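The values are calculated or read from the model by the stated rules, or taken from the named source; none is laboratory data. Since the model is a prediction, treat every value here as computed from it, not as a measurement. Cβ placement follows ideal geometry from the backbone for every residue including glycine, while neighbour counts extend to all protein chains displayed.
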Amino acid sequence: MSTTVVRSWTADDVERYAAAVGGTGMQPGFAIAVAQFGGPQFGLDADLTQVLHAEQSLTLSGELPMAGAVTVTRTDTDVFDKGSGSLVVREWHAEGDARFSTRASLFVRGAGGFGGPRGTTVRHPVPSRAPDVELAFRTSPDQADRYRLTGDDNPLHWDPAFARRGGYPRPILHGLATYGITARLLAESLSVVAVGGRFVHPVFPGDELQVSAWVEDGEVRFRTSVDRTTVIDDGRATPRS
């Protein structure tokens, strides 16, 4: 099933997103905020307290202009049966003043066991040697509030009662905020244009993100952690050619 919408943005939107991921100017992850306006879970028929953002990737053909418009087509490509839940895979393709594609996987707890295909799992382990680059960013207590201004209004990130229903002691940071900060740090340090990774642990506003990166065979492998606990795993990125 596919849906198509037109999305536009201004320089104010660009700076609003940049502030949400701790930077200024055009950031790589801004393309996701354009394509997935409302969040990757937008329009999903599920109890959002049970939806986990599992994976995210982005491929850009070049930097977005500071203002523009694109036609975005979203397609739900697969629904896999993982037993304890279902994994919904969505893709967004944008054409217009910029061209890019992004992909997200959403795990819906308690929605498995329907007899569908399980799907395959591909891992991208980091090398065993010391990282080539180590980066860090301390999120602010209001980081989720800042990211909410980009259009992702999932109450899991701002409503304490809603977060508790999902099993968290307080609202968690958007996975896309963690992703966007990671992408910004990698872009600033290694000039990457395509970033993908798997979310494996929640992040709370105020946590410090540590990004470790390895450059091998023309690709960047990375891992994002908080207090030595991995929060983004299987990270891979492509440097600008």
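Here are the numbers for this structure:
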| item | result |
| --- | --- |
| Number of the exception - Pro28 against (1) under 22 Å from Gly166 (Cα atoms); (2) modelled with pLDDT under 95; (3) buried (at least 22 other Cβ atoms within 10 Å of the Cβ); (4) of a type outside the set (Val, Ile, Thr) | (1) |
| Selection count where residues are surrounded by fewer than 17 Cβ atoms within 10 Å (Cβ to Cβ) and part of a strand (DSSP E or B), scope the stretch 193-224 | 4 |
